[in-house]
1. Provide a single number: the residues in segment 233-284 that are part of a loop (DSSP other than H, G, I, E, B) and among the polar types (S, T, N, Q).
2. Cβ-Cβ distance below 9 Å, separation of 6 or more or different chains: which pairs start in segment 87-111 with a residue that is free of Cβ contacts under 8 Å to residues at least 12 places away in the same chain and farther than 26 Å from Arg139 by Cβ and end on one that is open to solvent by 50 Å² or more (accessible area, probe 1.4 Å) and acidic (Asp, Glu)?
3. Under 6 Å by Cβ, and 6 or more places apart or on different chains, what pairs join a residue from segment 65-85 that is on the phi < 0 side of the Ramachandran plot with one that is aliphatic (A, V, I, L, M) and assigned to a loop (DSSP other than H, G, I, E, B)?
4. Could you check segment 39-52 and list, in sequence order, the residues that are over 22 Å from the mean Cα position of the chain (by Cα) and open to solvent by less than 50 Å² (accessible area, probe 1.4 Å)?
5. Of all the residues that make up segment 277-306, how many are among the small types (Gly, Ala, Ser) and open to solvent by 20 Å² or more (accessible area, probe 1.4 Å)?
6. Return only the number of the condition from (1) surrounded by 20 or more Cβ atoms within 10 Å (Cβ to Cβ); (2) at pLDDT below 95; (3) under 25 Å from Asn322 (Cα atoms) that Arg553 does not satisfy.
7. Residue pairs, Cβ under 9 Å, 6 or more apart or interchain, first in segment 407-420 and of a type in the set (S, T, N, Q), second at pLDDT 75 or above and open to solvent by 30 Å² or more (accessible area, probe 1.4 Å). List them.
Amino acid sequence: MSAIAGMVRFTGPPVDRGCLERAGERLAAPGVGAAAVWCDGRAGLVARQRISTPEDRAERQPWVGGGGRLALVYDGRLDNRDEIAAALGLTPDPTEVIPDGALLLRALERWGEAALPRLLGEFALALWDASERRLLLARDQLGQRTLYSHHGDGFVAFATTLSALLALPGVPRRLNEEALADFLVLNFLFSEETLYAGIRRVPPATAVSIDAGRVRQSRYWAFDPDRRICLPSDDHYAEAAREQLDRAVARRLRSAGPVVASMSGGLDSSAVATSAARQLAPGRLLALTLVPPPDAVPPPVTRGWYGDETPYVTAIARMHPNMDLRRVWSRGEHWIESDPTRLFEAGGTPIYGPTNAAWFAPLSETAGEFGSTVMLNGQAGNAAWSWDGLSYLGELFRRGRWVRLLRELNATAPHRNYSRSWLLRQYILKPMMPPWLDRIMIRLLRGQPERWSRFSGINPDFARDVGAYRRCLEASHGPASPGAWDPWQERVNRFSTYVGSDGRAAWRAVDGIERRDPLSDLRLVEFCLAVPAPQYLRGGITRRLARRALADRLPAEAIDKDVMGMQNPEWFGRLAARRSRMVAEVAELQRSPLAARCLDLPRISTLLRDWPEDAAAAAAAAAAREAAYHYLLPRALHVGRFLLWL
């Protein structure tokens, strides 16, 4: 794993080595080596290496090949090294260590852009071909690694962090107001745009070829909508899912140091952790679980949710003798809440959930204390591995399978206290509702102008000025989304909203921890998307595939539960402790014309003035009121601090 940046000048003066060194300084992060610079006048590349796999010790980026005409920098990890080496005809030599970068360069020399769909793993790369005077930028299929670019007058600049890109000459530091509105209303689907005007993300599964005359962008891979897996029985599906899971986890256990796993009592992170423990045996696996602090006020009991993972993770650990379970908790206010400047300097971007990020922080801090730079998680499970199958109800309605639909509605309603009317509204009626009618219903039932009013602190005038509602419709974000009609497309859409990788890259630059998610493994995701929908929902049982596949790894109380663990259950106490400081923050933001234009500061002030007595009072008032305190307030103030920093 590494951090990279570079610049190519097609016209004008040559690339200045000093500017590359300055960008290299902005790539500094815990555990990365010194900046290595390569420059041939027209093009310049810089890389800083982090040792996360044994082969990383042999990395010598930037790599030069093709008789000196090719130069490569990349960030990432190849998970199918053996396949690539065999296809290249490389004979394994136990005395020779071939780093991922060298293997990647050989693949690009042999196959050019056709090498990209052969690669499995996480990567962002830049390849300069001096003979063709062409730059190739590319990202992995699911966009797990970040890569940003700016196309200027006669030059192109790129980097894996926004901070490093902004350090290169000619790259503007101007706010993209439309993208900021998208950020505030959680419209993820204009995801090539960034918060900076003129800076774009290289899309996942995409090769961008740039020369003096043109920019060619081509997608080299996509999910196959026609792929279907047909197996003889439920048991065959469960066994195949277990095999895919174990392979995905095995591909992420390659590490230069100890691997830790974050684990809850759900079906995602526990699937990853238990698979890792089985494969590492007789070695040990440290499993970290977030729980409320010992002195925390218990969260209010909420239907379908629980606040403490301890009973479930303890039972899981008992089934795996080589798993060392450690419960960790938040140790008071975190710097991401009080002063996130460190994050902005490292990554150049705000994040969507600063309060939840503060709650998650003890995981990476404990991993670092343990001496690990690799932490496994299961964040991508909901769209593939543990899909609940509920949007299948909409497909049954659309296909006219009324008897089956009625049977599933009656069977599903008792689980997690669903009601038939709620299921009908959420998965059948709501997708049919035209946007104009949805807007009227929101105004009548909630007294709010837009659906996002519940959770977003955007200034309504600013939202109107930049066309936020129009952009939501164009992106099929909100009530007009076709996802609920097509379960397969709805799940693919979740993997298409890849802007969350910005926050992961920023955190990696801050704490030096590489977060690996086996449930985002390409082959596992493709398998899960090809499995028939009834394998996920039948007889009212949601997440059927994961429940059956984990029957030999998790205790019954974890597999059969119909409640879900709360993230950050002590969120209200965290916010209440900061109330007076938040009032001061609003006063500071009111003196900023930019913050006052973008954020609804009067509403934020009202929330701080009309503070509920406790979390139960916030929840009892209305779900919209709880969302305003839990999500709107901390996110808006976090964005406000970003605007002041910018």
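The values are calculated or read from the model by the stated rules, or taken from the named source; none is laboratory data. As the structure is a computational prediction, the values presented were derived from the model and not from experiment. Please note: Cβ atoms are built from the backbone with ideal geometry, for glycine as well, and neighbour counts cover all protein chains shown. For the accessible areas, the whole protein counts, side chains as well, though only heavy atoms, and no ligand, DNA or RNA atoms are used. Shrake-Rupley method; radii C 1.70, N 1.55, O 1.52, S 1.80 Å.
1. Of the residues in that region, 3 qualify.
2. Once the first residue is free of Cβ contacts under 8 Å to residues at least 12 places away in the same chain and farther than 26 Å from Arg139 by Cβ and sits in segment 87-111, its partners that are open to solvent by 50 Å² or more (accessible area, probe 1.4 Å) and acidic (Asp, Glu) give Pro92/Asp82.
3. Here the result reads Arg69/Ala130; Asp79/Leu120; Asn80/Leu120, each pair linking segment 65-85 to a residue that is aliphatic (A, V, I, L, M) and assigned to a loop (DSSP other than H, G, I, E, B).
4. Across segment 39-52, the qualifying residues are Cys39, Gly41, Ala43, Gly44, Leu45, Val46, Ala47, Arg48, Gln49.
5. Residues in segment 277-306 being among the small types (Gly, Ala, Ser) and open to solvent by 20 Å² or more (accessible area, probe 1.4 Å): 3 in total.
6. (2)
7. Close Cβ pairs (under 9 Å, with a partner that is at pLDDT 75 or above and open to solvent by 30 Å² or more (accessible area, probe 1.4 Å)) amount to Asn410/Arg420; Thr412/Tyr418; Thr412/Arg420; Thr412/Gly539; Thr412/Ile541; Asn417/Asp562.
To keep it simple, each residue is scored yes or no on (1) out of contact with any strand residue (DSSP E or B) (no Cβ under 7 Å at 6 or more places or on another chain); (2) of a type outside the set (Ser, Thr, Tyr).
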residue: Tyr237; (1), (2): yes, no
residue: Arg242; (1), (2): yes, yes
residue: Val249; (1), (2): yes, yes
residue: Ser264; (1), (2): no, no
residue: Leu267; (1), (2): yes, yes
residue: Gly283; (1), (2): yes, yes
